[in-house]
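For reference, the structure discussed in these notes is given below.
The values are calculated or read from the model by the stated rules, or taken from the named source; none is laboratory data. Only a predicted model underlies this, so the values are computations on that prediction, with no experimental measurement involved. Methodologically, a virtual Cβ is constructed for each residue, glycine included, from the backbone with ideal geometry; neighbour enumeration extends over all protein chains shown.
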Amino acid sequence: MSEAKIIDGKAFAANLRESLARRAAVLKNEHGLTPGLAVVLVGEDPASQVYVRNKAKQTVEVGFQSFEHKLDVETPEADLLALVETLNKDDAVHGILVQLPLPDHIDSQKVLDSIDPAKDVDGFHAINIGRLWSGMDALVPCTPLGCSLMLKDTLGDLSGLNAVIVGRSNIVGKPMAALLIKESCTVTICHSRTKDLPAVCREADILVAAVGRAEMVRGDWIKPGATVIDVGINRIDAPEKGEGKTRLVGDVAFDEAVQVAGAITPVPGGVGPMTIACLLVNTLSAACRQHGIEEPADPGA
Ligand code: GUN
């Protein structure tokens, strides 16, 4: 059997950002509206700092306004809640993202629930979760939104396909299930207690791995020709590159899976780049909804 098609998330995300830039220009010219995204970072977690820097850079590149708020790691919860309240009221801010994880002394759920659902571009607020599950218009978590866009681009109509999701997190597994149900897939969510996980995975036309365990999904878990979406980003030792070196791998054993699957996302360069692009998609949607404007079509499409 020939090797799987590699789904190029980096190129897909770059195209999506170009399209967003053209649509943002239409919004500005026709409505005088510039979408604004506020990102709040508490503390100095290195990975979070990299994410926040990339978000700000890409926000400006597509012609949106970027607002960055960097707070000391000791910031009291009440101060963070007060900042969110200010951003909720700020008309130039259409999307608010509070970077996770937050320091232990802050109740993350309380902070997420304090964000105006109309500005909740992460899609983590209970209102947006409920709207998504009941098939209403909602702001949808960015990583599963990116996976869904790549799946539709790869497969076209998803209706009737068996989708198996490995992982039941609130950020990926559960919203991914809601999105695939919306596309009329038959959806199974697996987790650490699932019986005979490899056998369940072998039934999947679409297999989404989002467990955070390096290379857990093996080649012989995959139905020949299936589409595999690997959400995992795990850093493992790579002695072959030299002493102390590491490399990034997904939740899928790529070298095995690529021999069996019909299409597969690589790590890095698959799902990862789509997350920020989808954050910008959500910011544009949120800005339009807040102003009662229909989302502009892409003039370059
Ligand atoms: N930390 C890592 N990824 C994310 C994300 O998508 N949203 C938020 N708020 N924090 C994160």
- prompt: Looking at segment 91-108, which of its residues are closer than 21 Å to A47 by Cβ, free of Cβ contacts under 8 Å to residues at least 24 places away in the same chain and more than 10 Å from the ligand (Cβ to nearest atom)?
  reply: D104
field: Considering residues of segment 20-35 that are in contact with a helix residue (DSSP H, G or I) (Cβ under 9 Å, 6 or more places away or on another chain) and either farther than 15 Å from R289 by Cα or at pLDDT below 95 (or both) only, the residue surrounded by the most Cβ atoms within 10 Å (Cβ to Cβ)
entry: L20
- request: For A138, state whether it is assigned to a loop (DSSP other than H, G, I, E, B) and either within 17 Å of the chain's Cα centre (by Cα) or among the basic types (K, R) (or both).
  value: yes
message: Given the condition more than 12 Å from the ligand (Cβ to nearest atom), aromatic (F, W, Y) and under 18 Å from A277 (Cα atoms), answer yes or no: does some residue in segment 40-63 qualify?
response: no
task: Could you list, in sequence order, all residues of segment 251-301 that are without any contact (Cβ under 8 Å) to a residue 40 or more places away in the chain, more than 16 Å from the ligand (Cβ to nearest atom) and in a loop (DSSP other than H, G, I, E, B)?
output: A253, G292, E294
query: Would you pick out the residues in segment 12-41 that are closer than 19 Å to R53 by Cα and touching a strand residue (DSSP E or B) at 6+ places or on another chain (Cβ under 8 Å)?
result: P35, G36, L37, A38, V39, V40, L41
message: With the structure loaded, tell me whether L71 is hydrophobic (A, V, I, L, M, F, W, C) and touching a residue at least 40 places away in the same chain (Cβ under 8 Å) or whether it fails that test.
response: no
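Condition check ((1) more than 24 Å from E44 (Cα to Cα); (2) touching a Ser or Thr at 6+ places or on another chain (Cβ under 7 Å); (3) within 15 Å of the ligand (Cβ to nearest atom)) across all residues:
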{"position": "L83", "(1), (2), (3)": "no, no, yes"}
{"position": "K89", "(1), (2), (3)": "yes, no, no"}
{"position": "K110", "(1), (2), (3)": "no, no, yes"}
{"position": "K119", "(1), (2), (3)": "yes, no, yes"}
{"position": "H125", "(1), (2), (3)": "yes, no, yes"}
- request: Scan (1) surrounded by 19 or more Cβ atoms within 10 Å (Cβ to Cβ); (2) on the phi > 0 side of the Ramachandran plot for the single condition G160 breaks and write down its number.
  value: (1)
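Please go through segment 189-210 and give me each residue that is out of contact with any Cys (no Cβ under 9 Å at 6 or more places or on another chain) and either within 21 Å of G135 (Cα to Cα) or part of a loop (DSSP other than H, G, I, E, B) (or both), ordered by number.
I189, H191, S192, R193, T194, K195, D196, R202, E203, A204
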message: Please count how many residues of segment 223-252 are under 23 Å from L149 (Cβ atoms) and either in contact with an Asp or Glu (Cβ under 8 Å, 6 or more places away or on another chain) or surrounded by fewer than 23 Cβ atoms within 10 Å (Cβ to Cβ) (or both).
response: 12
- request: Quick one: count up the residues across segment 149-178 that are under 10 Å from V208 (Cβ atoms) and away from the ligand (no atom under 15 Å from the Cβ).
  value: 6
query: Which condition number in (1) of a type in the set (A, V, I, L, M, F, W, C); (2) assigned to a helix (DSSP H, G or I); (3) under 28 Å from V267 (Cα atoms) is the one that V39 fails?
result: (2)
